[in-house]
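Structure first, then comments.
Every number in this text was worked out from the coordinates using simple rules, so none of it is lab data. Since the structure is predicted, the reported quantities are computational estimates derived from the model, not experimental observations. For neighbour counting, all protein chains shown are included, and Cβ atoms are generated from backbone atoms with ideal geometry for every residue, glycine included.
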Amino acid sequence: MKVFLDTADLEEIRALYDIYPLDGVTTNPTILAAEKKAPYETLTEIRSFLGQEGVLHVQVISRNAEDMIEEAYQICNRLGSNTYVKIPVVPEGLKAIRFLAKNGMRVTATGIYTLQQAFWAGKSGAAYVAPYVNRIENLGADGIQTVCDIQNCFVRNGIATGILAASFKNIRQVMALAENGVASVTVAPAILRGMLENASVDLAVDRFINDFENAFGVSATMSTIAAVLEGE
Ligand code: G3P
C-alpha cells in the first residue's frame, strides 16, 4: 500500500519523510489555508522538497467545469508534471474530470462519500478516486466497507482507476485498508506519528539498554558498545 502524507506543513513533511518511506504529499484547500501564507508559496516549497519526481496532489477551488479545467492546467504548469489535480465528484467536477483525463492529465477524483461517485469518476478516466473514510463513518455508514466496495467494483468492471483513501480518524481505519489490499491512503501527520508511538515498546527498548549498561558498567555510546562487545 502506498502511503501519502495529508498536510502542507513543511516541517512535518520533512520530519516524517525522515522516518517513513512515504510516497507523496496530498493537500486540499483547508490544509493550505491552515498554513496562513500564499498557497502557491507553500506548494512550491513542498514541490522543491519532493523534487520533480515526487508526487503531489493539489485540489482545484472553482465551482464550474470550465474554471476547474483552467485551474488544473495552472496547477500543473506551476508545480510540474508529477502533480495530480484533485477535482471533487460533483456534476461540474465530473465534466472536468472527463475532459482532463481525455487530454492526458492525471486527475484524483475527490470528495467521495459513495460508491456511485467512485464508479462515475473511474468511468470518466480519473487516475485515482479519494473516498473519505472517516467522514463516511461520521454519516453512520461503513467507511472501510465503502472503500472495499469501490475496489471490488473497479476490479469487476475493469476500471483501471486507483484508490487513494483519505480522511482517517485513527490507525485502525488505515490498517484495515492495508489488510484489504487497498492501493493507497493519505494520512495526517498525527496518525502517522501514532503508528510508532507505543509506551510498552519504549519501555522494552529502555530495559534492553539499561540491562546492558548496568551489566557492563558503561553508558551506551558507539565507542563503549564496541569495546564491551569485543570484551575489552
Ligand atoms: O483531502 C481529504 C482529506 O484530507 C479529508 O480529511 O480529516 O478533513 O476528513 P479530513
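Some observations on this one:
- Put the Cα centre of the stretch 79-144 next to the Cα centre of the stretch 1-68 and the gap is 17 Å.
- Helix-only mean residue ellipticity at 222 nm for the chain, each DSSP H run of n ≥ 4 adding -39500 (n - 2.57), per residue, nearest 500: -16000 deg cm²/dmol
- Highest-MSF residue in the chain out of Ile61, Ile112, Ile97 [GNM, Cα springs under 10 Å]: Ile61
- The GNM of the chain, with springs linking C-alpha atoms under 10 angstrom apart, assigns the highest mean-square fluctuation among Thr42, Thr110, Thr30 to Thr30.
- For the peptides 48-54, 19-25, residues were scored by their other Cβ atoms within 10 Å and the scores averaged per peptide; the highest-first order is 19-25, 48-54.
- Among the listed pairs Lys37/Lys102; Lys95/Lys169; Lys2/Lys37; Lys37/Lys123; Lys86/Lys169, those whose Cα-Cα separation exceeds 25 Å are Lys37/Lys102; Lys95/Lys169; Lys2/Lys37; Lys37/Lys123.
- Within the shell of other residues whose beta carbon sits under 15 angstrom from the beta carbon of Asn170, the net charge comes to -1, with Lys and Arg scored +1 and Asp and Glu -1.
- Cβ crowding within 10 Å averaged over residues, with 143-155, 192-204 ranked highest first: 143-155, 192-204
- The chain: most fluctuating residue of Asp18, Asp206, Asp142 per GNM, C-alpha cutoff 10 Å: Asp206
- Among Ser124, Thr26, Thr83 - extreme Cα towards positive end, dipole of the chain, charges at beta-carbon: Ser124
- Options Ala188, His57, Asn157, ranked by Cα towards positive dipole end of the stretch 2-194, top entry (Cβ charges): Asn157
- Neighbourhood charge, 13 Å Cβ-Cβ cut-off, centred on Ser81 and excluding it, Lys, Arg +1 and Asp, Glu -1: +2
- Other residues with beta-carbon under 11 Å from the beta-carbon of Gly54 carry, at +1 per Lys or Arg and -1 per Asp or Glu, a net charge of -1.
- Only Lys, Arg (+1) and Asp, Glu (-1) charged, at Cβ; the stretch 2-194 dipole about Cα centre in debye: 400
- Hits among aspartates and glutamates - C-alpha to C-alpha of Lys36 under 13 Å, sequence gap 8 or more where chains match: Asp9
- Estimated translational D of the chain in µm²/s (Stokes, Kirkwood radius over Cα pairs; 37 °C; 0.692 mPa s): 169
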